[in-house]
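These notes are about the structure you will find just below.
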Amino acid sequence: MTTSTSDLSARIGAIEDGLRAGTVVPYLGPGMLSLVPEYAVPANPEALVALLTARVSVPHKIRNRLTQAAQFIENFKHRKTLVDQMNSAFAASPLASPLHAWLAGLGLPLIVDAWYDEAMAAALQEAGVSWGEVQGLSQSEHFGTWTGWYDKDGNPVPDRAPDWKTILYKPIGSASPAANYLVSDTDYVEVLTEIDIQTPIPQEIQALRSGRSFLFLGCRFNDQLTRTFARQIMKRSSDRHWVVMPEEPTRMEAKFLGEQNITRIVMPLSEFAERVLAPAAV
C-alpha cells in the first residue's frame, strides 16, 4: 500500500500522535544508521559480511551472504572467532541521531531494534528515562534460554524491572552489553523452528505489542529472515502499520506489505526525520 501526496502529511501526523500516545511501536532496522554516518559500524548486512570475509577467507559463492559466511567462520574457525569478528565490527563508541534521541525522549513502552548497533541504547541512556533491554540469544551459546535481560547499565537481570518506562527489544542481539548475536545459519534455524509458536519472543513483548501499530524505520523486507521476524513480532498487534521506504519494493516486499497491511511512506528516512523533528525545534 503506497501513500499519495495529498494524505502524506495527515498520515505522518497520525504516526506522530500514535508515537506520543504510546500506541505506535518503532521497529528500527540497520537503515537508521544512515542518519549517523559518523558512527563507524556496518550499516547493512552487505557491509557487515564484507568486513567478516575480509578478515577470514570463505568460499567465493557465499562471500556476500551474511548468515552463510558467518556459519562458515563458526564451523571452521570456531564460534569465538565469529563473536570476536562481530565485536570488532561494532566496537566504535555509539552515536545517536536526533531521531533516535526524539524517540528515546517519548518514553515509549516498547522499541524494537533489529540490528546489532547501540545507537538506540545510547539515546535512551542520554535521555535519562528508566529503561532496560531484552536480547535474543544464540542457542549455540545459551542452549535452552532464548532471551537475556539487562538493565540500563548492562547488568544482567532475571526479568524486566517494574520501574522501566521503556523496553528496548533487540531480537537478533547486540554488541553490548554481552556480545549476543544471532548471525549464523544455525542461530537462525534454532529460532525459526520455534518462532511460529512464539517461544523466542518474551511474554512481556507479546503483551506490549497487543493492539499497537508498528512503524518500520530503516527496514527492508527483501529477504525471508527480515520478513519472518517482522511478521512474528507483529503477530496479534493492530491491523494498521507503516514503513518509511523511498525505494521501490521488490515483488516479495510488496506482497509482504500488502499481507501485513503496512502502508508505505514514500520518502527518504532523513526527510521523515526532519518532518517529525520540526515541531520540537520550534
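Summary table
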item	result
Residues that are more than 15 Å from PRO200 (Cβ to Cβ) and surrounded by fewer than 16 Cβ atoms within 10 Å (Cβ to Cβ), drawn from the range 137-153	ASP153
Unmet criterion (only one of (1) within 19 Å of the chain's Cα centre (by Cα); (2) in contact (Cβ under 8 Å) with a residue 60 or more places away in the chain) for GLY105	(2)
Considering residues of the range 154-176 that are over 20 Å from the mean Cα position of the chain (by Cα) and not in a strand (DSSP E or B) only, the residue surrounded by the most Cβ atoms within 10 Å (Cβ to Cβ)	ALA161
Residue within the range 228-236 that is farther than 24 Å from MET32 by Cα and assigned to a loop (DSSP other than H, G, I, E, B) present	yes
Restricting the range 54-73 to residues that are over 23 Å from the mean Cα position of the chain (by Cα), of a type in the set (Val, Ile, Thr) and under 19 Å from ASP84 (Cβ atoms), the residue that is modelled with the highest pLDDT	ILE73
Cβ-Cβ under 7 Å pairs, at least 6 apart or on other chains, the range 46-72 side free of Cβ contacts under 8 Å to residues at least 24 places away in the same chain and closer than 17 Å to TYR188 by Cβ, far side hydroxyl-bearing (Ser, Thr, Tyr) and part of a helix (DSSP H, G or I)	ALA69/THR53
Count of residues meeting criterion [surrounded by fewer than 19 Cβ atoms within 10 Å (Cβ to Cβ) and not acidic (Asp, Glu)] in the range 40-53	5
Where ASN64 falls short, out of the listed (1) of a type in the set (S, T, N, Q); (2) in contact with an Asp or Glu (Cβ under 6 Å, 6 or more places away or on another chain); (3) assigned to a loop (DSSP other than H, G, I, E, B)	(2)
Filter result for the condition that a residue is modelled with pLDDT under 95 and assigned to a helix (DSSP H, G or I), over ALA254, ALA280	ALA280
VAL134 being assigned by TED's automatic domain parsing to the domain that holds ARG209 and buried (at least 22 other Cβ atoms within 10 Å of the Cβ)	yes
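Quick grid of which residues meet (1) in contact with a Pro (Cβ under 8 Å, 6 or more places away or on another chain); (2) in contact (Cβ under 8 Å) with a residue 24 or more places away in the chain; (3) over 24 Å from GLU194 (Cβ atoms):
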{"site": "ALA230", "(1), (2), (3)": "no, yes, no"}
{"site": "VAL243", "(1), (2), (3)": "no, yes, yes"}
{"site": "PRO249", "(1), (2), (3)": "no, yes, yes"}
{"site": "MET252", "(1), (2), (3)": "no, yes, no"}
{"site": "ASN261", "(1), (2), (3)": "no, yes, yes"}
{"site": "VAL266", "(1), (2), (3)": "yes, yes, yes"}
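The values are calculated or read from the model by the stated rules, or taken from the named source; none is laboratory data. What you see is a predicted model, and the numbers here were worked out from it, not measured in a lab. Cβ sites come from the backbone with ideal geometry, for glycine too, and all protein chains shown count toward neighbours.
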